[in-house]
1. Provide a single number: the residues in the range A:373-397 that are over 25 Å from B:G152 (Cα atoms), of a type in the set (S, T, Y) and within 14 Å of chain B (Cβ to nearest Cβ).
2. For the range A:405-427, indicate whether the set of residues that are at pLDDT 95 or above and surrounded by fewer than 13 Cβ atoms within 10 Å (Cβ to Cβ) is non-empty.
3. I'm trying to understand the selection: among the residues of the range B:398-417, which are in contact (Cβ under 8 Å) with a residue 12 or more places away in the chain and more than 14 Å from every other protein chain (Cβ to nearest Cβ)?
4. Look at the range B:197-227 and say how many of its residues are assigned to a strand (DSSP E or B) and either within 14 Å of chain A (Cβ to nearest Cβ) or crowded, with 21+ Cβ neighbours inside 10 Å (or both).
5. Return the residues of the range B:179-196 that are of a type in the set (D, E, K, R) and not in a strand (DSSP E or B); say none if nothing qualifies.
6. For residues in the range B:154-174 being farther than 13 Å from B:A213 by Cα and in contact with a strand residue (DSSP E or B) (Cβ under 6 Å, 6 or more places away or on another chain), which is nearest to the other protein chains (Cβ to nearest Cβ)?
7. Grab the helices (runs of 4 or more DSSP H) fully contained in the range A:12-81, keeping just those with 3 or more residues being among the aliphatic types (A, V, I, L, M), surrounded by 14 or more Cβ atoms within 10 Å (Cβ to Cβ) and away from chain B (no Cβ under 14 Å).
8. Under 9 Å between Cβ atoms, which residue pairs at least 6 apart in sequence (or on different chains) link something in the range A:372-393 that is on the phi > 0 side of the Ramachandran plot with a partner that is among the β-branched types (V, I, T)?
Protein chains: 2
Amino acid sequence: MTQTKILLSEAEIPEAWYNIQADLPNPVPPPLHPGTRQPIAPEDLALIFPMELIKQEASTEKWIPIPDEIREIYRLWRPTPLVRALRLEKALDTPARIYFKNESYSPAGSHKLNTAAPQAYYNKRAGVKRLATETGAGQWGSALSIACRFFGLECTVYMVKVSFQQKPYRRSLMQIFGGEVIPSPSDRTDSGRAALAANPDSPGSLGLAISEAVEDAAKHADTNYALGSVLNHVLLHQTVIGLETRAQLAKAGEQADIAIGCCGGGSNFSGFAFPFVEQIIKGEAAPRLIAVEPTACPTLTRGKLAYDFGDVAGLTPLLYMYTLGKDFMPPGIHAGGLRYHGDAPLLCQAIKNGYIHPVAYGQKRVFESAVLFAQTEGIVPAPESAHAVACAIDEAIACREAGEGKTIVFCLSGHGYLDLAAYDNYLAGELQDYPLPEAELQQALAGLPQV
Amino acid sequence: MTQTKILLSEAEIPEAWYNIQADLPNPVPPPLHPGTRQPIAPEDLALIFPMELIKQEASTEKWIPIPDEIREIYRLWRPTPLVRALRLEKALDTPARIYFKNESYSPAGSHKLNTAAPQAYYNKRAGVKRLATETGAGQWGSALSIACRFFGLECTVYMVKVSFQQKPYRRSLMQIFGGEVIPSPSDRTDSGRAALAANPDSPGSLGLAISEAVEDAAKHADTNYALGSVLNHVLLHQTVIGLETRAQLAKAGEQADIAIGCCGGGSNFSGFAFPFVEQIIKGEAAPRLIAVEPTACPTLTRGKLAYDFGDVAGLTPLLYMYTLGKDFMPPGIHAGGLRYHGDAPLLCQAIKNGYIHPVAYGQKRVFESAVLFAQTEGIVPAPESAHAVACAIDEAIACREAGEGKTIVFCLSGHGYLDLAAYDNYLAGELQDYPLPEAELQQALAGLPQV
């Protein structure tokens, strides 16, 4: 019987994260202070981040050792399997060989814990007592709650109020791990109180929840802030995904032709793809890298490479990234994790350099593909991850039409067992694709800050 | 770094199921026909089961080969890991070594797919087009929907109406896999129509849903019925759990002192424990086997070993088993899968013979243990599986108090990510233990049929 799951031993959990900043020929333009519009200094970040993470944010060391305490947490679910999707191949009648990296086995149900664990660890070591963060659909809030519990920190999660009401299961999951979940806007912060004063029935937004969490961290000496994507150190931690995948492909005797991931803020995609970018920069054989985003929020395929704020209120540093403008409000697609107006600066630089190719998918095709994947391989993908599934299926169909036996590998960043209402919508024929009208795009881009 | 996950290759998926009927010194008294009260003949079952399963039901062959087509489905998630719970051990400060068999990695989220897959396979081979079944909380209905999709069968699930309304996510999961989910009582069957005529707002019951599914199967020539527990062939299929566990313990160089599983109808427990019973019968070194049931439905610890019906209406064959009486209505504890009034006859015989020791737990202690397990090992257990967790923790605490370094292994039969509302109840302090009053027990037992 063919071994379909390529497994590594726990001793093969990577001993260091891969830092792409060491290899990029052109450094990313630095973040700018939102007030002065000058490059921010490490000490500007020290109010809300521990020094070890600030150092990682700026490091140009190629390999950053992973402390044993973090590898001991990683081994609760890592190394994750790389799986040959034989039944999907058969259903597609394709000569392509399809593999997926299964990050859904994590306690949080997604890749997010790969960075939540080290962020909790470094904060604990720095003497911090509590972490504050925001969450939309709840993936990141779950991961940080779990990580904080593992390292003995308190955790406060500002959850967008409409999600707090509509997604009680995610809230439950955070509470099982001891996380304090607060619907945002709340009366805990100035930003929250101001929003409530303006509209007592405000449904909240991710931008506002970020403002509340940052304010909470800045105003309490024992409290720091944690972000689940976009920043360099977050992408760094996620490279365990791609490093394991590379080792597993080698173990299977495979050379991937195409590697695919979904892309919102960019952390799962970058963590999966950057170890392959290393091969590209070195001039080695490497797969074609494809980042899949929703047509409803086409940051990489139609956005502008420019300085923009990370949040809606314009309080965060300005980042140099592909953006649709901070005021762009994407429609309510089910892949909540792919609704960010910008993207991680390191990923944007890799795209600008031509290492990575972005594409956009409408959610009807995405869910159709997700159901086929579930019915063949038995795993219901998260709506975000389903974007990668759809692209992998299309590439496999192209192989069938061309008679080419390519090797395709994609990242299944999370499962969808807490997102089943989205599948109800799809099965009821109620989904829309929301392609972004050009006029709306231009209007959003016109609001970009002048730097 | 210690390897905490004991893994097997896919080639090590068992090649045969273990049939305890070959080894029991005293055969189980036969099922009786509900009308004649005489032993039922194989042909009595042929209306709703395929001949291969009927043969397995009565077989005394020790090893029943697992067809390749089923092993190819099993390998989507099997072999499941046997995991050393190092972080739980540390939290308990115990010298005990704790392992758990992680059946939650299955596409259905529990062990149920181990038997759903072969049941779908044998029905497909017999030319059946559709399977009908009942489901309460939805675990079994999910598993059978998935298995039917894998083998190209239609699937009709009669879901207890109150669960249909309260557990929309389980319904969604079945529908993603193409299952038709019908709230029971329905107007599809005589039994359903009669119930609706008596009470149009009937919330339904598992007993009634069984009646509807059996009637659907009996009245349609292309349709059979499938049951998720209790029957001999179901327990047989589940022995892959214990066979893998035995191989994994040997690989880890461990001799288990105690093996623990939760027990409702008995399929997960028996699948896990029977391969150890084989060792006991042979006189080999074997662990002490503990079956954990809820105090609210104490079938094994306080029930009577007698002939009783499997369903509430008294339409099924009479089985010789520990029972609380078919009219016993357990309170609404969250472990819906442990609310059955009887238990699998083969398991009852093994208990009667002294191979297995039953204990009962209240749900407050069960959920307290489940939260500790989640916070240390990162997996939220199903409320059913949490009964095994609680007993394992108590045994580990006893080891600490006695200064004994025993090896404890338990079966984590499923995850709780679709049961988070139960955890909300626990965290809100709203759970009750519902110990069964003696008078109520005696009243239920007084209704046992005279055979």
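The values are calculated or read from the model by the stated rules, or taken from the named source; none is laboratory data. Small disclaimer: the values here were computed from a predicted structure and weren't measured. Note that each Cβ is placed from the backbone with ideal geometry, even for glycine, and that neighbours are counted across all protein chains shown.
1. Of the residues in that region, 0 qualify.
2. Yes: the range A:405-427 contains one or more residues that are at pLDDT 95 or above and surrounded by fewer than 13 Cβ atoms within 10 Å (Cβ to Cβ).
3. B:C399, B:R400, B:G403, B:E404, B:G405, B:K406, B:T407, B:I408, B:V409, B:F410, B:C411, B:S413
4. Final tally of qualifying residues: 2.
5. Hits for the range B:179-196 are B:D187, B:R188, B:D190, B:R193.
6. B:R171
7. Ranges flagged: A:51-58.
8. A:G378/B:I73; A:G378/B:I146
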